[in-house]
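Below is one structure, written out as structure tokens; the observations come after it.
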Amino acid sequence: MRDQRFDRLISEIQNENLDGQVVSQAGERVWSLITRPATAESSMRKLQSCGDFQTLIPAYVGKSLPEGRSLLFEDHLHQCVACRHAVDRVRTGELQPVWRPKIEARGFPFWRWGMGAAAAMVVAVAALALANGLFPGQHAIRGAVQNVNGSLYAVSDAQVRLIPVGYQIRNGDEIRTAKGSNAVVRLLDGSLVEMGERSDLSVSRAWKGTTIHMDGGHIIVQAAKQRTGRLYVATDDCLVSVKGTIFSVNHGTKGSRVAVIEGVVRVAYGDRTAELHSGDQETSSASVSKVPIQNEIAWSRNSAKYLALLGDFAVLQKQFEAIPGPGLRYSSDLLPYVPDHTVVYAAIPNLAATLDEASHLFEDRMQQSPALRSWWKQQQHGKGPKLDAMVDQLKTFSSYLGDEIVFAVSKDGPAYSAPVLLARVRQPGLESFLRSEAKRLHTDHTNTDLQVVRDPWAVSSSPGKPFLVYVNNDMLVASPDVAELQRAATRIQQAGAGHFSETPLYQQVIRSYQQGAGWLFCADMEQIVAQHVMDTTSSRMPPGVEDARVLVMERREVGGKTENRAALMFASERRGVASWLAAPAPMGALEFISPNASMVNSVVIKNPRSIMEELFQIIGSSDSSFSRDLSKFEAKTGVSVLDDITAPLGGEVTIALDGPVLPTPRWKAVFEVYDPSTLQSTIAKLVDSFNREAVQADGSLQLANVEIGSQTYYTLRNQKHPDFEIDYTYQDSYLIAGPDIATLSQAIRDRQSGNSLTHSPTFQALLPNDGYTNFSAIFYHNIGPIVSPLVDQIKAAGTLTAQQQQSIAALQANTAPGLIYVYGEPQRIVVASNTGFMGFDLGTVMTMGRGGPFLPQMFLGGSLFHPGPPNRSPANPRC
């Protein structure tokens, strides 16, 4: 678009002198339109709601709608997903409800007063709408171009023109970045929108807030705190809404991906809604996978700032973990006051000292880091409770309490009771503090009402369900339910005359205390699951799950090291679905994974054929047509699922990100295979069957093989998508798959030379000290290989400040690897980790995210290998 002829043409248009007569004639035409007598079009009723607009759909589709109404209607369609769907239904022949005018009853005798009040209200609303540019046809300014790197264009119908920094973006203006270009747009509310290359968007405002309409591309939004309404990002398959946060939206042909860098984002897709927090992602289509969040922000001119912020969080995480925790508790004097039929018991240590130390560490780090200071300042804007004030109040509250706080939920029959909180009071003044807090909360209306109770039996049920707190000498009891509060007070007065000690859950809680308790969570799964087993109206639970008895989750510090452990215990030896996880066994597939892997999932399952047989039984019990459909599939493909697919497989599966992450992450999938010849014959049959059924748009698959030395490599390609490629080979008793033959060859060489993950000092240092020699499953993460290439890329641009270099160096230095491991024992499944909180830390979030790559389907997305053929199934929005 830098062609001199094009620039000269634009210049000639801008400098063209219009004839005075032409201008005069245009003015006369405008005046005639303004002074034209009222027509049928102008006498139409006002368009105020979606229902009003939808009455125009038949005329609009039939092209009989007057021009003025048509323009209003099309403007509304740009902002309303529901009306766009309604237009689509009419075009496809579905019935559309027709608006019929109501016959209004005669008005009240003082109707003139009502009309006057209504007129005043209309004038006020109209003035507000006019000031904010909310009337149809208004072209109010919505933002301005703050920065351009490359070329940015304004697009109008068939016209495209280059726009400079400072260009004012008006309501509905469409702007687009060129190839290799990016730009930053500042909206009127202070929000910043960073546009990646070939991104296309427009901005509009309605009563509900400002909307960024995105036709394609990749943007990162730093949403300012919204004084009124919300900030929205709308694509054709999802709607993102925020009040103030940082997030990215990547929208393309296959669908959309929303990733949250900081804050909370609400995403609506189809008929579902999801709330995403920092590090979370969602996608609008099964063909769009989640990716490491660093990859989503690597293109941004602010990626250095974001990485610096992540570096500060990494330092804080390490410092927080180094804070000495409260000592272990080997008994609890609160157990006698727990409800009789408790099914959930949680006990946490008093964290007053820990919170105080953490606050000092945060303040010190904030003084050292401008990136963290800037982020914190943004969090303090707007109305509502401030985080630092909430922490101070929590520290003050905790200082009144004893060493432990207990939370319990009981279940009597099919219904669960309201939760009960119990704690010892170690110093006077708690009741006065709570009353002052209750008064403040009642004034601010920022939280659920808090009510301090002197006599539980004098309190009546309140529809507002306030949180009731009863302080009696050295005990604190709290619950939102009056009856639960009264029962707890009775147990305290009767010196613990409860019957919780007679339950199996109590025995498990006692055992946990005897071993030393830090954070403790116990659930009576036998009682929780029993309700679903007895409920014949609900779908039957998978076999084996109903045998679950107790779930125990513990976190404790022993000898300066943190231990996280969760155990799901069963009434008898694991069976059904619960038995699919095999006992700990050697994981030979890990030998093909290098020490540079950034994420590894590996699991040992019992015989795949028996698992498939049980799965067929489960599906067949709820779907009477399943057996018939399975037979049709096997007849069409010539493949027996049990004999040809599952029978050749062993019990090991390993999925990994192993190798360079830029420009495309390198992935590996390793499967244990006992009968390679049968499996290879099955793959060939499935490819042939696909090609017979494939439509022209999908293209056909080609399966080829090549001999390199003594090794045979197989390649699967698609003629319609030349960039699509999956390569695999067989080595010993394993199938190794990857994006190219070079990756497979290197994996084989690593195994032969012993250069594998399991032999690396980094992995060895994470292994637990226990009696096991193997695992049933592991999840390993090391974000160092992900961060380092991105840092090198940013450093090469030479735009890092000294402080950003320091914070990013801190990210590299403090991104320690982590390991979550699983043991499948005869009567229980144990999940444990010695990193983070219950195994989840910054590295876990950055490499896994919500849902994460535990599922193999993550590795079938276009982000991990070259784009594949489009999904033939109907779109399934999951944004």
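The values are calculated or read from the model by the stated rules, or taken from the named source; none is laboratory data. Everything numeric in this text was worked out from a predicted model, so none of it was measured. Because the Cβ atoms are built from the backbone with ideal geometry, glycine has one as well, and the counts that use them run over all protein chains shown. When the accessible area is computed, the model is the full protein with side chains, heavy atoms only, and any ligands, DNA or RNA have been set aside. Shrake-Rupley method; radii C 1.70, N 1.55, O 1.52, S 1.80 Å.
Just a few scattered comments:
- Element breakdown for the range 627-689 at a 1.4 angstrom probe: carbon and sulfur atoms account for 60% of the accessible area.
- Calculated accessible area for the range 164-266 comes out at 37 Å² per residue, all protein chains present (probe 1.4 Å; ligands, DNA, RNA ignored).
- Long pairs among Lys636/Lys685; Lys685/Lys720; Lys254/Lys720; Lys179/Lys254; Lys225/Lys254, criterion Cα-Cα beyond 22 Å: Lys225/Lys254
- Rg/Rg_ref, the range 141-299, where Rg_ref = 2.2 N^0.38 Å and atoms are Cα: 0.97
- Computed with a 1.4 Å probe over protein heavy atoms only, the accessible surface of the range 537-604 comes to 44 Å² per residue.
- Remark: the Asn147-Tyr772 segment gains 219.2 nm on full extension, using 0.36 nm per residue and subtracting the alpha carbon distance.
- With each label modelled as a point 7 angstrom along the Cα→C-beta vector, the Leu394-Thr490 pair spans 3.4 nm.
- Solvent-accessible heavy-atom area per residue, rounded to whole Å², over the range 702-764 at 1.4 Å: 48 Å²
- Full-extension gain in nm, Phe433 to Leu642, via 0.36 nm per residue minus C-alpha separation: 68.6 nm
- Chain lengthening between Asp333 and Ala765 when straightened (0.36 nm per residue, less Cα-Cα): 151.7 nm
- When the trypsin sites (Lys or Arg not before Pro) in the range 449-524 are filtered for DSSP coil states and for at most 11 other beta-carbon atoms within 10 Å of their beta-carbon, the remaining sites are Arg454.
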